1. In debye, nearest 20, what is the charge dipole magnitude of chain B about its Cα centre with +1 on Lys and Arg Cβ and -1 on Asp and Glu Cβ, if you could check?
2. Expressed as a rounded percentage, what relative contact order does chain B have, with Cα pairs under 8 Å and six or more residues apart?
3. Give the calculated FRET efficiency between B:T13 and A:Q2 to the nearest 0.05, with a Förster radius of 25 Å applied to their Cβ-Cβ distance.
4. Select from B:M15, B:G96, B:S108 the residue farthest towards the positive end of the dipole of chain B; place +1 on Cβ of Lys and Arg, -1 on Cβ of Asp and Glu, and compute about the Cα centre.
5. Give the cysteines in the protein assembly as shown for which no other Cys Cβ lies under 4.7 Å away, or write none if there are none.
6. Which of B:K41, B:K9 comes first, and how do the rest follow, when ranked by fewest Cβ neighbours within 10 Å?
7. List the chymotrypsin sites (Phe, Trp or Tyr not before Pro) within segment B:25-113 that fall in a DSSP loop (any state other than H, G, I, E or B) and whose Cβ has at most 16 other Cβ atoms within 10 Å.
8. Over chain A, what is the relative contact order in whole percent, taking alpha-carbon pairs under 8 Å and six or more residues apart?
Amino acid sequence: QQQVKQSPQSLIVQKGGISIINCAYENTAFDYFPWYQQFPGKGPALLIAIRPDVSEKKEGRFTISFNKSAKQFSLHIMDSQPGDSATYFCAASRTGYALNFGKGTSLLVTP
Amino acid sequence: DTAVSQTPKYLVTQMGNDKSIKCEQNLGHDTMYWYKQDSKKFLKIMFSYNNKELIINETVPNRFSPKSPDKAHLNLHINSLELGDSAVYFCASSQGSFSGELFFGEGSRLTVL
């Protein structure tokens, strides 16, 4: 059973545009929501993470928006660059339990 | 200086063979994991060890046997390989059990012919 649902499966954005990836969850006990970035041939790497006590977290061009009541969170990549082309995974976890990954979004940023 | 290193990076083998993948982390973490990534990129946890103790053992065929000789090493042995075992296997580590901040290796791509 997929505990974190991620969309879209793939995304094409022009350079300079905004990339938006959405995730939804059901388990209200989740208390940590990271995003991982994976380049071809590499392992996933933690990009940015948020806890449910805040609604937004920004690190450079990457922002997580969190809506606790809707049980949704999203990743926004501002001024998207070709170097951002990668697969992005949202995830969620609760204390004492393993991380649950979404199915991933393949992002392509065209020049 | 690689934080989480896996060997080998590629394995190509015939059905029915046995193979092993080794993983080492130099981050001083106490928890290590094996994940399987299939052709659709889905990441599925297989096993986790905390200080050499098995703490996660997902529904994985018993042909897969992890072994952690110490907290810096986690190996994966696979017996009687099947076509469906073809995937990329990632080792990861974290400080503390069930931490959401995982550090992944570069993966070991297994192809079973």
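1. For this selection, approximately 260 debye.
2. Value for chain B: 37 percent.
3. FRET efficiency, B:T13 to A:Q2: 0.20.
4. B:M15
5. Here no cysteine comes out as lacking a disulfide-compatible partner, given the Cβ-Cβ threshold of under 4.7 Å.
6. B:K9, B:K41
7. Answer in residue order: B:F42.
8. Dividing the mean separation by the residue count of chain A yields 38 percent.
Every number in this text was worked out from the coordinates using simple rules, so none of it is lab data. Since the structure is predicted, the reported quantities are computational estimates derived from the model, not experimental observations. As a convention, Cβ positions derive from the backbone with ideal geometry for all residues, glycine included, and neighbour counts pool all protein chains shown.
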